[in-house]
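Chemist: I have a structure here, written as structure tokens, and I will follow up with some questions on it.
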Amino acid sequence: MCSNYDPVLNAATLRQHFGVEPPPADLKPRLWPGYIGPFIRKHENVDVGDEAVPFRELMAGSFGLIPHWAKDTKIARKTYNARSETVHEKPSYRDAWRLGRHCIIPAEAIFEPDWRSGKAVPTRIIRADGKPMGIAGLWTGWKQPDGEILRSYTMLTVNADDHPFMRNFHKPDDEKRMVVILQDEEYDAWLSASADESRFFLRQFPTELMTFSE
């Protein structure tokens, strides 16, 4: 599970690794559920036949999915991670899953609690190759009281009980989970995948490509 992460905000990094322009608004360098962060989706006009329209676009939205039926944004505090095993049936996520509203969350690092000492030690986790993470997620839109649409997103997770690296995190008796980190070459395929095709991408990231950061 991941409730705290550092988003990619550097314009050059976003262009080089994700092929998108940076968001227009100033965003916080460390995010928690309910904060506004960047996510990448398939451009809403990419299928109109205009070659000038890029395949991907970067949006700003709430970290924590806010389904269309929510009464307010408080639900984002509970919907920042979606279990891949049940995402298709849970009320908060099932519409976004069914509609194939896939997104990529660009992250410099994620934070998880290391309990091996008997106490929770916040640990910054990065890719060992120095590249940013592209985390698989879902996005949606919620109509605010003023009529404006607030976009939001969630990170997809998989079981990590047998993952040599990620099984070191969270309380000893808790199930081990990890976010789905996509391979770089999978970005466009993930954004285009239908609900039926989505399961292929929901797997553990290789242990040798993950490490700690000071």
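Derivation of every value follows stated rules applied to the coordinates shown; laboratory data play no part. As the structure is a prediction and not an experimental result, all values here were calculated from the model. Neighbour counts are summed over all protein chains in view; Cβ atoms, including those assigned to glycine, are modelled from backbone coordinates with ideal geometry.
Chemist: Of the residues in region 178-198, how many are touching a residue at least 40 places away in the same chain (Cβ under 8 Å), assigned to a loop (DSSP other than H, G, I, E, B) and either at positive phi or surrounded by fewer than 19 Cβ atoms within 10 Å (Cβ to Cβ) (or both)?
Modeler: Counting residues in region 178-198 that are touching a residue at least 40 places away in the same chain (Cβ under 8 Å), assigned to a loop (DSSP other than H, G, I, E, B) and either at positive phi or surrounded by fewer than 19 Cβ atoms within 10 Å (Cβ to Cβ) (or both) gives 3.
Chemist: Counting only residues that are within 27 Å of L99 (Cβ to Cβ) and surrounded by 16 or more Cβ atoms within 10 Å (Cβ to Cβ), which one in region 8-26 is nearest to the chain's Cα centre (by Cα)?
Modeler: Residues of region 8-26 that are within 27 Å of L99 (Cβ to Cβ), as a first pass: 8, 14, 17-25.
Going one step further and asking which of them are surrounded by 16 or more Cβ atoms within 10 Å (Cβ to Cβ), we end up with 8, 14, 17-18, 20, 22-23.
Numbers: V8: 12, L14: 15, H17: 16, F18: 14, V20: 16, P22: 17, P23: 16 Å.
Restricting to residues being within 27 Å of L99 (Cβ to Cβ) and surrounded by 16 or more Cβ atoms within 10 Å (Cβ to Cβ), the top hit is V8.
Chemist: Would you tally the residues in region 146-177 being without any contact (Cβ under 8 Å) to a residue 12 or more places away in the chain and crowded, with 19+ Cβ neighbours inside 10 Å?
Modeler: The total comes to 0.
Chemist: Consider G100 against the criteria (1) small (G, A, S); (2) within 17 Å of the chain's Cα centre (by Cα); (3) in a loop (DSSP other than H, G, I, E, B); (4) on the phi < 0 side of the Ramachandran plot: it satisfies all of them except one. Which criterion is unmet?
Modeler: Failing condition for G100: (4).
Chemist: Got a number for residues in region 38-69 being part of a loop (DSSP other than H, G, I, E, B), among the small types (G, A, S) and surrounded by 18 or more Cβ atoms within 10 Å (Cβ to Cβ)?
Modeler: 1
Chemist: Sticking with this one: Taking A128 as meeting all but one of (1) touching a helix residue (DSSP H, G or I) at 6+ places or on another chain (Cβ under 8 Å); (2) crowded, with 16+ Cβ neighbours inside 10 Å; (3) within 20 Å of P7 (Cα to Cα), write down the number of the exception.
Modeler: The one condition A128 does not meet is (2).
Chemist: Where the second residue is of a type in the set (S, T, N, Q) and surrounded by 13 or more Cβ atoms within 10 Å (Cβ to Cβ) and the first is closer than 15 Å to E185 by Cα and lies in region 199-214, which pairs have Cβ atoms under 8 Å and are six or more apart or on separate chains?
Modeler: From residues that are closer than 15 Å to E185 by Cα, the pairs are L202/S84.
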